[in-house]
Amino acid sequence: MRVSNPLLVVIIAMFALVAAGCGDDSSTGSETGSVANERPTIVVTTNILGDVVENLVGDGFDVVTIMPVGADPHDFQASAQQVAQIGEADVLIVNGAGFEEGLLDVIEASEADGVPVFEAISAVETIEFGEGGHDHADEGHADEDHADEDHDGHDHEGADPHFFTDPARMALAADAIADFLVANVDGIDAEALSSSAAAYVDELEALDSEVDEMLAAIDADDRVLLTDHEVFGYFADRFVFEVVGTVIPSGSTTDGTSAQALAELAELIEEEGVPAIFADTSSSDELVQTLASEVGDVAVVELYSESLGADDSDGGTYLDMVRTNARRIVDAVAG
């Protein structure tokens, strides 16, 4: 069509330029989104492992952490959106050993659909529930085996999933996660990942040495822990502590205890002179407070055992979490 009106020609030309510009913006946005989506997505179940993985992989991946800060992994339930994220992951990193009790069906379904799944605990030497720590009976404590006394009649068999309370084991797990990613994610920069992972593993190993030095302030006879549930077995195994009892005689916060068991623990605290009961920041401390009030002269000290703290807290990262726990244990237990 021939247009004779000069003003109309100008208007049409301007409209064409605007349309072309919009087309360019759309193309650029799509292209940018495509580039962003080219980064593989790692979905991680717990926020503790999420922080470790983020530090491990650097900028080469999108890391999605399912459990928010403060979540109790033993009773956490995923939303529909989170279930979809797990199912669409390029790889899925989980704690393993049944730790994510409410996600087991989702994890199994995703693996069956072809999502590569890595259990971090598979990289470390595991312990059974009740095996963590060292018996101090020959070092001035009572001869009776309090672990057996406290836990008789309770089913808490199998591998203890709380390996992350030991930074040395976490270093091994982090190294294995990096190897798993190199082997299972196509097109990644393996050299960059290996470099980033090596640097972070070095930090974890340095953390292990730092904690060991901090805990040197505690005499061998004083290296006893009483916790809200069976969570610090690996910590005790690594740093030569004895877990003399747990308020909930299980590895899960969803279990309970009895009045008789609490009475026995109160007697144990008085006999052993236990100075503190260690409670988990991410679960209710009602039973711990009940026990403490029964005894009277015992402190309740919170530790970050199954969730990180808020970003602005002293447990906002895995490194900070472990340091803070060690410091609080020293402050509570050192004679």
Find out how many positive minus negative residues lie around Leu193, taking Lys and Arg as positive, Asp and Glu as negative, among other residues whose Cβ is under 11 Å from that of Leu193. -4
Counting sequence-distant residues (5 or more places) and residues on other chains, those with an amide H built under 5 Å from that of Asp228 are Val247, Phe278, Asp280
Does the range 194-310 come out rounded, prolate or oblate by the C-alpha gyration tensor, with a ≥ b ≥ c the root eigenvalues, rounded set by a/c under 1.5 and, if not, prolate when a/b is larger than b/c and oblate if not? prolate
Estimated vicinal HN-Hα couplings, Hz - the range 57-69 in sequence order (Karplus 6.51, -1.76, 1.60; Gly, Pro = x): 9, x, 9, x, 9, 8, 10, 10, 9, 7, 8, x, 4
Cβ-Cβ FRET estimate between Asp59 and Gln260, R0 fixed at 51 Å, reported to 0.05: 0.40
What distance in nm separates the simple spin-label points at Gln77 and Ala190, each placed 7 Å from Cα in the Cβ direction? 4.3 nm
Can you work out ³J(HN,Hα) from phi for every residue in the range 292-305, in order, using Karplus 6.51 cos²θ - 1.76 cosθ + 1.60 and θ = phi - 60°, giving whole Hz and x for Gly and Pro? 4, 5, 5, 7, x, 10, 8, 7, 10, 10, 7, 10, 7, 10
Taking a virtual spin label 7 Å from the Cα of Ser313 along the C-beta vector, which residues in the range 36-61 bring their backbone nitrogen under 15 Å of it? 47-49, 51
Which stretch or stretches of the range 169-190 have amide N atoms under 20 Å from the point lying 7 Å from Thr41's Cα along the Cα→Cβ direction? 181-182, 184-189
Over the range 161-225, average the accessible area per residue using a 1.4 Å probe and give it in Å², no decimals. 43 Å²
³J(HN,Hα) computed for each position of the range 87-104 - Karplus, 6.51 cos²θ - 1.76 cosθ + 1.60, integer Hz, glycine/proline x: x, 9, 5, 6, 8, 10, 10, 10, 5, x, 6, x, 4, 7, 4, x, 10, 4
Under 5 Å, built H, 5+ apart or other chain: amide partners of Val243: His134, Leu225
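The values are calculated or read from the model by the stated rules, or taken from the named source; none is laboratory data. For clarity, every value in this text was computed on a predicted model and none was experimentally measured. Glycine gets a Cβ as well: all are built from the backbone with ideal geometry, and neighbour counts include every protein chain shown. Just so you know, the surface numbers come from the protein's heavy atoms only, side chains and all, with ligands and any DNA or RNA stripped out. Shrake-Rupley method; radii C 1.70, N 1.55, O 1.52, S 1.80 Å.
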